[in-house]
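For reference, the structure is listed below as structure tokens.
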Amino acid sequence: MTLCPPQGPTPTATPAGAGCCEEYAGLTRRGLLRAGGLAAATGALTATFGATTTQTAYAATRSAPRTLVLLSLRGAADGLSLVVPHADPVYYAARPRIAVPKASLLAVDAQFGLHPSLAPLLPMWQQGKVAAVHAVGLPAPNRSHFSAMEEVEDADPGSSARVGWLNRLIGRDGWEHPLRGMHLGDAVPPTTLVGPRPTFAATSVERVEVAAAGDDDGERGQRRLRGLRTTWGGAGGPLGQGARSALGAVADFRPARTSPEAPRGGAVYPDSDLGQALASAARTIRADVGAEVITVDHGSWDMHTDVGNLEWGDMKNKATDLAKSLAAFFTDLGALGDQVTVVTVSEFGRRVKENANWGLDHGHGTVMLALGGGVKGGYVGRWPGLQNTVDADVLVTTDYRSVLAELVTTRFGASSAQVFPGFTPETVGVFRA
């Protein structure tokens, strides 16, 4: 995971590393809070081999006809910069230095336009394969990164059970396998995957291996693997069960690890954490090892300083990385992209009004992007109108769970009540079967 970004050229003298707040900077230091929660929530063993982490699993893998890629924009992304409400005059009045001029926007309609750094996604947008749902978020403001991430990813307010909504999704039937729900780009799974169902996390496709075995295709590696299987084959308790499960999961993942590394279709991924994570996701999907859910993190979007404008700044850099990575991902997948749906989430948005440091402080509503299979393209949602006061937020008109509930019911045939307990979703109109 990317830590606080380096500062770009700026007319303000901002100390290095001050772009994100102390709470978010603490969260990104290895995500220790997430890791601690994993063990506490599941009560199951987490077995680690090198950078590969799995939990207990009991069944063989199987094909996944559809895949959801959940892309978390960590640090609270500013929806007003990514999808600009150019028809709302308050937007330009509240942001005299950082607002995106209407003349520079892409895919402009009567209300909105895309940030020009999202240009790599424009061909997909024009094909009706990208949607933007604006003024979306938690039902009530929560300006704490940690607390809001937990609330968004648990998605079961009032419950003492710490189970992520994706763990509930992959637990909707009787089939269990750690490759069904996985996190790529980091060896620590997010809260969305935490729960009783086995899940899997790895920094990259290449790192999904038994570290002690080295080259498991060679005689030496095979000898070590046989030794590990003998050692753990008869071991009792959760430790033995977890070790056997991890060995089996690594073996089942082998088609992905041994698949060609080069992207297809002329796709070129950025040399960034997000680009490499999505490249691993594409290889995993092509190998068809049973990945129904893949989570990927992208940060930091916590831009208290140096949001910048079209010439410089963190927004330009992050939006460019986001768009280039996603465009490469779908180019790499080719026709398989129709089976894959990507959805972005962020714990909250930013204030309407820019601050004195070319930045934006914690707010409420933001934007969700949906791309790929089953997406009804275009701008979606009810625009609430903006207020130009110091603490004004983007008011939320669509609960983020309504977007996700529509996705899991239309694309995966899941029960909304099972995945989002106690929540009654409204129709958003962004997905089809």
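The values are calculated or read from the model by the stated rules, or taken from the named source; none is laboratory data. In this text, all values refer to a predicted model and were calculated from it rather than measured experimentally. Cβ sites come from the backbone with ideal geometry, for glycine too, and all protein chains shown count toward neighbours. To get the accessible areas, we keep the full protein, side chains included, count just its heavy atoms, and leave off ligands, DNA and RNA. Shrake-Rupley method; radii C 1.70, N 1.55, O 1.52, S 1.80 Å.
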Residue among L310, L336 that alone is touching a residue at least 24 places away in the same chain (Cβ under 8 Å), touching a Pro at 6+ places or on another chain (Cβ under 8 Å) and over 21 Å from R74 (Cα atoms): L310
Leading residue by the ranking (most open to solvent (accessible area, probe 1.4 Å)) among those in the range 316-362 that are in a loop (DSSP other than H, G, I, E, B) and of a type in the set (S, T, N, Q): N357
Matching residues in the range 392-433 - criterion: being touching a Leu at 6+ places or on another chain (Cβ under 8 Å) and acidic (D, E): D399
Every pair of residues 6+ apart whose Cβ atoms lie under 8 Å, when the first sits in the range 412-433 and is closer than 12 Å to A155 by Cα while the second is open to solvent by 70 Å² or more (accessible area, probe 1.4 Å) and assigned to a loop (DSSP other than H, G, I, E, B): G422/P157; G422/G158
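Out of the residues in the range 288-315 that are part of a strand (DSSP E or B) and at pLDDT 95 or above, state the one that is most open to solvent (accessible area, probe 1.4 Å). Quick ask: steps written out before the conclusion?
Kept after step one, since they are part of a strand (DSSP E or B), are these residues of the range 288-315: 293-299.
Next, only the ones that are at pLDDT 95 or above stay: 293-298.
Working: V293: 0, I294: 0, T295: 2, V296: 1, D297: 25, H298: 7 Å².
Taking the candidates together, the pick is D297.
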Please find, among V205, V152, the residue that is within 18 Å of T258 (Cα to Cα), among the aliphatic types (A, V, I, L, M) and touching a residue at least 60 places away in the same chain (Cβ under 8 Å). V205
For F329, state whether it is among the aromatic types (F, W, Y), closer than 19 Å to V390 by Cα and touching a Leu at 6+ places or on another chain (Cβ under 8 Å). no
Under 7 Å between Cβ atoms, which residue pairs at least 6 apart in sequence (or on different chains) link something in the range 372-389 that is under 19 Å from G137 (Cβ atoms) with a partner that is acidic (D, E) and open to solvent by 50 Å² or more (accessible area, probe 1.4 Å)? Y379/D109
Condition first: open to solvent by 20 Å² or more (accessible area, probe 1.4 Å) and touching a Phe, Trp or Tyr at 6+ places or on another chain (Cβ under 9 Å). Can you find one or more residues in the range 418-433 that meet it? no
So, of the residues in the range 241-275 that are outside any loop (DSSP other than H, G, I, E, B) and more than 29 Å from Q222 (Cβ to Cβ), which turns out to be most open to solvent (accessible area, probe 1.4 Å)? D273
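For the condition hydrophobic (A, V, I, L, M, F, W, C), surrounded by fewer than 24 Cβ atoms within 10 Å (Cβ to Cβ) and under 28 Å from V375 (Cβ atoms), what is the one hit in L184, L138, L193, L169?
Numbers: L184 fails: surrounded by fewer than 24 Cβ atoms within 10 Å (Cβ to Cβ); L193 fails: surrounded by fewer than 24 Cβ atoms within 10 Å (Cβ to Cβ); L169 fails: surrounded by fewer than 24 Cβ atoms within 10 Å (Cβ to Cβ).
Testing whether each residue is hydrophobic (A, V, I, L, M, F, W, C), surrounded by fewer than 24 Cβ atoms within 10 Å (Cβ to Cβ) and under 28 Å from V375 (Cβ atoms) leaves just L138.
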Within the group T389, T409, which residue is surrounded by fewer than 22 Cβ atoms within 10 Å (Cβ to Cβ) and within 21 Å of A77 (Cα to Cα)? T389
Please list, ordered by residue number, the helices (runs of 4 or more DSSP H) wholly in the range 102-218 having 2 or more residues that are out of contact with any Pro (no Cβ under 7 Å at 6 or more places or on another chain), charged (D, E, K, R) and at negative phi. 145-154
